[in-house]
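Undergrad: Below is a structure I'd like to ask you about.
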Amino acid sequence: MSNRVALVAALIAGFALPQAAAAELKRIDSKAEFVQLVQGKTLSRPLVSLMVFPDGQISGRGVTWDVTGSWTWRDGFFCRELNWGGDDLGYNCQEVRASDREVRFTADQGAGDSADFRLR
């Protein structure tokens, strides 16, 4: 992991939304439900702003670097490939939980680390 990725991961972890909100988040099971949730919205958290498009593209900024990637919906999971400022973040299928105002992605089909984003 590059120093840049480690630095930003540590910064982002420090700004995570409170875990108490987890009880209010509903599991998103279908691609249609996911697209309806994110279409036309920006997913934001401190230092990160992303858009996830219905055509399978992802774009935005993380700190001062561009984020690009692609996604598919596979077996009930959001599966994405990301590149951040020239660093390949790889492929990962993630569980998605959401409310009207936020979305949580949990890596490794729900068994890994989570990232919470506000929907704007």
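The values are calculated or read from the model by the stated rules, or taken from the named source; none is laboratory data. Remember, predicted model here, so these are calculated numbers, not experimental data. Counting neighbours? That spans all protein chains shown, and the Cβs are built from the backbone with ideal geometry, glycine included.
Undergrad: Which members of region 75-91 meet the condition of being farther than 17 Å from V103 by Cα, touching a strand residue (DSSP E or B) at 6+ places or on another chain (Cβ under 6 Å) and either without any contact (Cβ under 8 Å) to a residue 40 or more places away in the chain or of a type in the set (D, E, K, R) (or both)?
TA: Let us first name the residues in region 75-91 that are farther than 17 Å from V103 by Cα, namely 75, 81-91.
Next, only the ones that are touching a strand residue (DSSP E or B) at 6+ places or on another chain (Cβ under 6 Å) stay: 81-85, 89, 91.
Residues satisfying the conditions are E81, L82, N83, Y91.
Undergrad: Which pairs do you get when a residue that is assigned to a strand (DSSP E or B) and at pLDDT 95 or above, found in region 50-64, comes within reach of a residue that is surrounded by 14 or more Cβ atoms within 10 Å (Cβ to Cβ) and basic (K, R), reach meaning Cβ atoms under 9 angstrom, with the pair 6+ apart or on two chains?
TA: Taking only residues 6 or more apart or on different chains, the pairs are L50/R61; M51/K41; V52/K41; V52/R80; I58/R80.
Undergrad: Please go through region 81-96 and pick out each residue that is touching a helix residue (DSSP H, G or I) at 6+ places or on another chain (Cβ under 9 Å), farther than 21 Å from V35 by Cα and assigned to a strand (DSSP E or B).
TA: W84, D87, L89
Undergrad: Among the residues of region 97-120, count how many are out of contact with any Leu (no Cβ under 8 Å at 6 or more places or on another chain), part of a strand (DSSP E or B) and not polar (S, T, N, Q).
TA: 2
Undergrad: Continuing with the same structure: Enumerate the pairs (first residue in region 18-38 and in a helix (DSSP H, G or I); second residue anywhere and of a type in the set (S, T, N, Q) and modelled with pLDDT of 85 or more) with beta-carbon separation below 7 Å, excluding pairs fewer than 6 apart on the same chain, so at least 6 apart or on different chains.
TA: E24/S99
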